[in-house]
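K.L.:
The structure under discussion is supplied below as structure tokens; questions concerning it will follow.
The values are calculated or read from the model by the stated rules, or taken from the named source; none is laboratory data. Model, not experiment: these values are computed from the prediction. For neighbour counting, all protein chains shown are included, and Cβ atoms are generated from backbone atoms with ideal geometry for every residue, glycine included. Heads up: the accessible areas ignore ligands, DNA and RNA and are worked out on the full protein's heavy atoms, side chains in. Shrake-Rupley method; radii C 1.70, N 1.55, O 1.52, S 1.80 Å.
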Amino acid sequence: MSIGASELLREPGGFDAPPGSLVAGRSPLVLFWARLRRDRAALVALIAIVVLVLVAICAPLVVALFGAPGPNAVDANAMDAFGAPKGPGAGALFGYDSLGRDVFSRTVYGARVSLLVGVGGTAIAVVLGVVVGLLAGFYRGWVDTLLSRFVDVLLSFPILLLALGIASACSLGKGCVGGAIKPGLGTVLLVVAIINWTYIARIVRGQVLSLRERDFVAAARVSGASDATIVFREILPNLIAPVIVYATLLVPQNILLEAALSFLGVGITPPTASWGAMIADAAQNFDTQWWYMVFPGAALLLTVLSFNLLGDGLRDALDPRRGR
Amino acid sequence: MARFLVRRCLWGVVLLVLVSAATFAIFYLLPSADPAVLRAGRGATPQTIAAVRHDLGLDRPVTAQYWHFLTQLVLHFDLGYSYTSGAPVSSLIADGLPATISLAAGAIVVWLLVGIPLGILSALRPRSWFDRLAMGGALVALSAPVYWLGLVVLYLFADDIGRWPLLPGAGSYVGLTRDPWHWLTALVLPWLVLASTFAAIYARVLRTSLIETMQEDYVRTARAKGISERRVVLRHGVRNALGPLVTLLGLDVGVLLGGAVLTEAVFGIPGIGRLNYTAITTSDLPVIQGTVLLAALFIVVANIVVDVAYALLDPRVRLDG
């Protein structure tokens, strides 16, 4: 969804030192971390995310630890006397879904898809956006005009519908681009990358436009540095902090986007466990079997909330004038 | 002003042509599935498929197909026919618009009424318990998937399956002209659910904007003149802080008129979004394409309206640049 897009498009501020403190000689990243450490909510969120990543990586271990079966294993004892799946209890921590699969196990494995798409998809978009933004901002002229106009066109697309369109086009048959992009994870990553890189490109372009006029760039140029040296040694290091912040703010939106696509049936293909797809399964009979709607939804809510909290904290740390 | 409008509208037309070309490419060139096979249905003979391919013009060159699509669209407002029902896409869209407009209009009223006061009160006392509570709540609302929130609300309050049956549940929408009272009650839950995310965003944006505005010199001057604090906040602060919200509102209206896919799907509201959703689940390409184009049209128009509104609100913005 386009949530917060306009918040993201606001220009980040510079690294002004807070008045009265001695900060000379400290790098922007060190300052950044020093400010972040004072934000308790963001630190709690960071810990939650680390735990979540560990759970996702060690999913088989976590599931075994609680004595639950695998995410796609169908339990013969899952149904009650009336043929309906059993709820949370002694047999299964979170109950069973309509096919008799363990909801706890699927919720744990669902974290893998969410994180992979949220972090991986955003990373692809960031690389693309940084390259385009750097080229447009550094070379200006026709390169800039062409790239900026292209971004304008992409931004005038209805985002969720563009995602749905590409996802549904790629969910047919063997996939799209002659079968190069398969339905499922590949398609979702493609959609996330296509939608997100424009924001990063805009932000990076704006930053580069101002950075390239700064004295240290002029100094490097006078001392005979090549374009490549200037871009990689002088400009890129100054982009790291803002790009990290905006990427962190995009991650929760992409997790929600993956879940929404899977909920609508054009994202992750079954039987892979995805929180969005689990909620879609539950939508049929959540009036009596509430548990396999509630648990994946709560997992999704907490994950997205953690990333949003961390993103807000990072943004405030980057620009101390904001959010006070 | 006139020159600006003409230029923006021409650029809007260019954008729409590009979007139409892109949607055409997405739906006819990208998939490896064959539209003719989809149209012909299950178990069709090769002869039937060939006949369907000829009927749909899929055996002609791509450029000729696109030209045909474009001229049909511009000259006859013809978006083709649904693969599943055979009905014209344009009339399917016309049928869905009233429901989508009803949903969007009510939700906008709700989120403005909730988001703006929350944003103002939070900005006036930053870091107070009220501010922390409101902004914490906003962050939770922002993080909740809207379709899940819809299901939870239905589980709790729908009159058919709810634990506390208060309001009509999913699939109870009727047109405004048929039964205004039923229309209103059936839309209360969808309005609240759809508005929650937006109310959160608006409150956050307004809070940030108003905190910045209240530190401006002209606010200090206004206070020094001895104007009542209420007047300073409303006339000098809020009025100038609303700028970002105007932009947001314009774009959100444009996006929502293209259909709130998730909300409409969960609550079974027969609008553009649900049309799009059913089309996706049945691979009904012409309908998906038509709804995407419609949404793009709304977004392009909303962009132009926002630019003009900005100029009217803020005399510093000049339109003839």
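K.L.:
Working only within segment A:285-298, note down all residues that are crowded, with 22+ Cβ neighbours inside 10 Å and under 24 Å from B:Leu142 (Cβ atoms).
P.N.:
A:Met293, A:Phe295, A:Pro296, A:Gly297
K.L.:
In this structure, is A:Leu236 surrounded by fewer than 22 Cβ atoms within 10 Å (Cβ to Cβ) and closer than 21 Å to A:Val51 by Cα?
P.N.:
no
K.L.:
Exactly one condition in (1) over 30 Å from B:Arg178 (Cβ atoms); (2) in a helix (DSSP H, G or I) is not met by B:Arg127; state its number.
P.N.:
All conditions pass for B:Arg127, except number (2).
K.L.:
Among the numbered conditions (1) within 10 Å of chain A (Cβ to nearest Cβ); (2) crowded, with 23+ Cβ neighbours inside 10 Å, tell me where B:Pro126 comes up short.
P.N.:
For B:Pro126, the failing item is (2).
K.L.:
If you check B:Val110 against the conditions, is it of a type in the set (Val, Ile, Thr), modelled with pLDDT of 90 or more and within 20 Å of the chain's Cα centre (by Cα)?
P.N.:
The answer is yes for B:Val110.
K.L.:
Kindly establish whether A:Arg106 is at pLDDT 75 or above and within 14 Å of chain B (Cβ to nearest Cβ).
P.N.:
Judged against the criteria, A:Arg106 is not a match.
K.L.:
Are any residues in segment A:132-142 open to solvent by 80 Å² or more (accessible area, probe 1.4 Å) and either within 20 Å of A:Ala247 (Cβ to Cβ) or part of a helix (DSSP H, G or I) (or both), and if so, which ones?
P.N.:
Answer for segment A:132-142, where residues must be open to solvent by 80 Å² or more (accessible area, probe 1.4 Å) and either within 20 Å of A:Ala247 (Cβ to Cβ) or part of a helix (DSSP H, G or I) (or both): A:Tyr139, A:Trp142.
K.L.:
Of all residues in segment A:250-267 being facing chain B (nearest Cβ under 7 Å) and not hydrophobic (A, V, I, L, M, F, W, C), which is surrounded by the most Cβ atoms within 10 Å (Cβ to Cβ)?
P.N.:
Here the answer is A:Pro252.
K.L.:
May I ask you to say which residue of A:Ala81, A:Ala68 is in a loop (DSSP other than H, G, I, E, B), free of Cβ contacts under 8 Å to residues at least 60 places away in the same chain and touching a Leu at 6+ places or on another chain (Cβ under 9 Å)? Before you say what the answer is, go through the steps one by one.
P.N.:
Details: A:Ala81 fails: touching a Leu at 6+ places or on another chain (Cβ under 9 Å).
Just one listed residue meets the conditions, A:Ala68.
K.L.:
Among the helices (runs of 4 or more DSSP H) confined wholly to segment B:155-271, which include 2 or more residues that are in contact with a strand residue (DSSP E or B) (Cβ under 9 Å, 6 or more places away or on another chain) and open to solvent by less than 40 Å² (accessible area, probe 1.4 Å)?
P.N.:
Once the helices (runs of 4 or more DSSP H) in segment B:155-271 are filtered for at least 2 residues that are in contact with a strand residue (DSSP E or B) (Cβ under 9 Å, 6 or more places away or on another chain) and open to solvent by less than 40 Å² (accessible area, probe 1.4 Å), what remains is B:180-213.
K.L.:
What is the number of the single condition among (1) in a helix (DSSP H, G or I); (2) facing another protein chain (nearest Cβ under 8 Å) that A:Ile244 does not meet?
P.N.:
Of (1) in a helix (DSSP H, G or I); (2) facing another protein chain (nearest Cβ under 8 Å), only one is false for A:Ile244: (2).
K.L.:
Taking the residues in segment A:181-233 that are closer than 25 Å to A:Ile159 by Cβ and open to solvent by 60 Å² or more (accessible area, probe 1.4 Å) as candidates, determine which candidate is modelled with the lowest pLDDT.
P.N.:
Going through the qualifying residues, I end up with A:Lys182.
K.L.:
To continue, here is another question. What single numbered condition from (1) open to solvent by 50 Å² or more (accessible area, probe 1.4 Å); (2) farther than 30 Å from B:Gly254 by Cα; (3) without any contact (Cβ under 8 Å) to a residue 40 or more places away in the chain fails to hold for A:Thr145?
P.N.:
Result: A:Thr145 passes all but (2).
K.L.:
Could you list, in sequence order, all residues of segment B:88-100 that are under 18 Å from B:Phe69 (Cβ atoms) and among the aliphatic types (A, V, I, L, M)?
P.N.:
Correct list: B:Val89, B:Leu92, B:Ile93.
K.L.:
Within segment B:136-150, identify whether any single residue is open to solvent by less than 30 Å² (accessible area, probe 1.4 Å) and away from chain A (no Cβ under 14 Å), and answer yes or no.
P.N.:
No, because not a single residue in segment B:136-150 is open to solvent by less than 30 Å² (accessible area, probe 1.4 Å) and away from chain A (no Cβ under 14 Å).
K.L.:
Looking at (1) at pLDDT 75 or above; (2) open to solvent by less than 70 Å² (accessible area, probe 1.4 Å); (3) over 22 Å from B:Thr278 (Cβ atoms), which is the only condition B:Phe24 fails?
P.N.:
(3)
K.L.:
Is there a residue being buried (at least 19 other Cβ atoms within 10 Å of the Cβ), of a type in the set (Gly, Ala, Ser), touching a residue at least 60 places away in the same chain (Cβ under 8 Å) and assigned to a loop (DSSP other than H, G, I, E, B) anywhere in segment A:302-312?
P.N.:
For segment A:302-312, residues buried (at least 19 other Cβ atoms within 10 Å of the Cβ), of a type in the set (Gly, Ala, Ser), touching a residue at least 60 places away in the same chain (Cβ under 8 Å) and assigned to a loop (DSSP other than H, G, I, E, B): absent.
K.L.:
Here's another thing I want to ask about it. Can you tell me which residues in segment B:83-99 are free of Cβ contacts under 8 Å to residues at least 24 places away in the same chain and either closer than 21 Å to B:Leu257 by Cβ or open to solvent by 40 Å² or more (accessible area, probe 1.4 Å) (or both)?
P.N.:
Hits for segment B:83-99 are B:Ser85, B:Pro88, B:Ser91, B:Ala94.
K.L.:
For segment B:274-292: of the residues being more than 16 Å from the chain's Cα centre (by Cα) and over 17 Å from B:Tyr66 (Cα atoms), which is surrounded by the fewest Cβ atoms within 10 Å (Cβ to Cβ)?
P.N.:
In the first step, residues of segment B:274-292 are kept if they are more than 16 Å from the chain's Cα centre (by Cα); the result is B:278-287, B:289.
Applying the additional criterion that residues be over 17 Å from B:Tyr66 (Cα atoms) yields B:278-284.
Numbers: B:Thr278: 18, B:Ala279: 25, B:Ile280: 26, B:Thr281: 13, B:Thr282: 16, B:Ser283: 20, B:Asp284: 24.
Ranking the candidates gives B:Thr281 first.
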